[in-house]
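Taking it in order: structure first as structure tokens, then the write-up.
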Amino acid sequence: MNYTHENLQKKYYIMINKLILSALILTTFFQKGFASGTPINSDIKEVTVFLHGAQVTRQAQFSLTAGTSELVFEGLSNDIDENSIEVKGSGSGVIMSVNYRINYIRLKQKSSDEKHLQGMLDSAKLKLEGIQNEIASLTQQLDLMAANYKLGVNEKSNFIEDIDDWADLYKKRTTDIRNKISRLRIAERDAVSNMKNVQEQVDATQAANKVPSGEVIVKVSAANSGVVYFTLRYFVQ
């Protein structure tokens, strides 16, 4: 078969389009797969620890509407033994199926530690900005005083005593300002170091928050609206 430049270019574009289409299909699949279902909050009621793992019992309740509903127990361990999962329900509704999956794209809700650290980081940033603004203001004052000093000397050039008084006043005020700037530079350095430390803690907490989580999907059918009480039990390896 004779492959011309035009044929090769055509095949190349077809291959690229197929790859783009495949990526879009996979993205849509993952988004739909993990977006389906209604999240349900559950509380740990019992944990039995064994030599090589633990059995966890959780409880939850949910108000069902008539028809079929898909409920998702979120934020579970990603080390659950899928064969050990047991779901029981009482009240309005019949459990039709139970499935388990690992969610790699959902982040956990911010923990109290992360919220606290984020607040500390925001405060550290505000403190640093305040110090830097004060340094900028004092530096501007020095520039203005230097310009005024030259102007004052020119105006008082025929009066030596006035020039000496003006020079002493200028020296005193500029020295005070420079001393303030020096102290602020130290405070700025400490503020930068503190903000860096807090940022590292925030980053570490957020990284831990990205650990994949397990999810149990329960499909329930109800003839009428009503409350269902669930008991979820599973073994963590």
Q) Could you give every pair whose Cβ atoms fall below 7 Å, whose first residue belongs to segment 79-98 and is closer than 14 Å to ALA60 by Cβ, and whose second residue is outside any strand (DSSP E or B), counting only separations of at least 6 or pairs across chains? A) VAL98/ILE85
Q. Considering only residues of segment 184-237 that are part of a helix (DSSP H, G or I) and hydroxyl-bearing (Ser, Thr, Tyr), which is farthest from GLU74 (Cα to Cα)?
A. SER193
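Scan segment 78-105 residue by residue and report those that are small (Gly, Ala, Ser) and either surrounded by 16 or more Cβ atoms within 10 Å (Cβ to Cβ) or within 30 Å of SER225 (Cβ to Cβ) (or both).
Residues of segment 78-105 small (Gly, Ala, Ser): 84, 89-93, 97.
Hits for segment 78-105 are GLY89, SER90, GLY91, SER92, GLY93, SER97.
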Q: Specify which of the listed residues (LEU71, LEU144) is modelled with pLDDT of 90 or more and either in a helix (DSSP H, G or I) or surrounded by 13 or more Cβ atoms within 10 Å (Cβ to Cβ) (or both).
A: LEU71
**Q.** Count of segment 40-74 residues which are of a type outside the set (Ser, Thr, Tyr), closer than 18 Å to ILE217 by Cα and in contact (Cβ under 8 Å) with a residue 40 or more places away in the chain
**A.** 14
Q | Filter result for the condition that a residue is at negative phi, outside any strand (DSSP E or B) and of a type in the set (A, V, I, L, M, F, W, C), over ILE95, ILE105, ILE44 | A | ILE105
Q.
Residues that are surrounded by fewer than 15 Cβ atoms within 10 Å (Cβ to Cβ) and among the aromatic types (Phe, Trp, Tyr): does segment 224-231 have at least one?
A. yes
Q. List pairs: first in segment 136-150 and more than 16 Å from LYS180 (Cβ to Cβ) and of a type in the set (Ser, Thr, Tyr), second in a helix (DSSP H, G or I) and at pLDDT below 85, Cβ under 7 Å, 6+ apart or cross-chain?
A. TYR149/TYR170
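For segment 51-65, which positions are assigned to a strand (DSSP E or B) and more than 14 Å from ARG233 (Cβ to Cβ)?
GLN61, PHE62, SER63, LEU64
If you check ARG173 against the conditions, is it of a type in the set (D, E, K, R) and at pLDDT 90 or above?
The answer is no for ARG173.
Results for (1) modelled with pLDDT of 90 or more; (2) among the aromatic types (Phe, Trp, Tyr), shown as yes or no for each residue.
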{"residue": "ILE16", "(1), (2)": "no, no"}
{"residue": "LEU19", "(1), (2)": "no, no"}
{"residue": "THR28", "(1), (2)": "no, no"}
{"residue": "ALA35", "(1), (2)": "no, no"}
{"residue": "GLU46", "(1), (2)": "yes, no"}
{"residue": "VAL56", "(1), (2)": "yes, no"}
{"residue": "ASP81", "(1), (2)": "yes, no"}
{"residue": "GLY91", "(1), (2)": "no, no"}
{"residue": "TYR100", "(1), (2)": "yes, yes"}
Q.
On the basis of being in a loop (DSSP other than H, G, I, E, B) and not polar (S, T, N, Q), does LYS172 make the cut?
A. no
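Do we have THR65 as at pLDDT below 90, under 16 Å from PHE230 (Cα atoms) and β-branched (Val, Ile, Thr) here? I'd like the intermediate steps shown before the answer.
Working: at pLDDT below 90: yes; under 16 Å from PHE230 (Cα atoms): yes; β-branched (Val, Ile, Thr): yes.
Here the answer is yes, as THR65 does meet what is asked.
The values are calculated or read from the model by the stated rules, or taken from the named source; none is laboratory data. None of these values were measured; they are calculated from a predicted model. For neighbour counting, all protein chains shown are included, and Cβ atoms are generated from backbone atoms with ideal geometry for every residue, glycine included.
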